[in-house]
1. Inside the stretch 1-50, can you point out the residues that are in a helix (DSSP H, G or I), over 19 Å from ALA77 (Cα atoms) and either in contact with a Phe, Trp or Tyr (Cβ under 7 Å, 6 or more places away or on another chain) or at pLDDT 85 or above (or both)?
2. Looking at (1) out of contact with any Asp or Glu (no Cβ under 9 Å at 6 or more places or on another chain); (2) at pLDDT below 90; (3) not in a helix (DSSP H, G or I), can you tell me which one ARG109 breaks?
3. Sort out which residues of the stretch 1-43 are loosely packed, with under 12 Cβ neighbours inside 10 Å and among the hydroxyl-bearing types (Ser, Thr, Tyr), and write them in order of number.
4. Going by the conditions given, is SER55 touching a residue at least 40 places away in the same chain (Cβ under 8 Å), open to solvent by 60 Å² or more (accessible area, probe 1.4 Å) and among the small types (Gly, Ala, Ser)?
5. Between GLU93, GLU74, which is within 21 Å of VAL9 (Cα to Cα) and loosely packed, with under 14 Cβ neighbours inside 10 Å?
Amino acid sequence: HQRKHAVIVVAEGAGQDLLSGSSGETDPSGNPILGDIGDFLRDSIKKYLKEQHLSTDIQVDGGIYQHNVQAVLEAGANVIVAGTAVFKGVISENIKEFQTVFDNYHVERL
C-alpha cells in the first residue's frame, strides 16, 4: 500500500542546524532569534517534487486570515483551510475578502 499523503509538523526552533549561519542576536527578553525553517522546508520540498516530476496539493490549516493568505499562497499552498476568519463577523464579507485575494492570485501547482 503506497501512501498518497504526508503530514509535516515542525516545532518552533527546529532545524536550526540546517539553516546557514545564526545571527547570534537576541530579542528584548534575551531569547535567541531563530531562523525560519519554513522557508528551508518550502524550498527543499519544491526542489524534491520537481526532481521527482511529482505534483501535489499543499494544504495549510490554522492561522489563515485575510491579511496573511497571500503569503501562504506564495509559499506554495493551494488548499486553504480557514475557520475563524470566515465565520467570525459577517461571513459574506469575509468570504468576499478571501475571494478577492484568490481571484488576483494564480496558484502554480508543484
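The values are calculated or read from the model by the stated rules, or taken from the named source; none is laboratory data. Only a predicted model underlies this, so the values are computations on that prediction, with no experimental measurement involved. Every residue, glycine as well, gets a Cβ built from its backbone with ideal geometry; the counts of neighbours run over all protein chains shown. We work out accessible area using only protein heavy atoms, side chains counted, and drop any ligands, DNA or RNA first. Shrake-Rupley method; radii C 1.70, N 1.55, O 1.52, S 1.80 Å.
1. LEU18
2. (1)
3. SER20, SER23, THR26, SER29 - these are the residues of the stretch 1-43 that are loosely packed, with under 12 Cβ neighbours inside 10 Å and among the hydroxyl-bearing types (Ser, Thr, Tyr).
4. Judged against the criteria, SER55 is a match.
5. Checking each option against the conditions leaves just GLU74.
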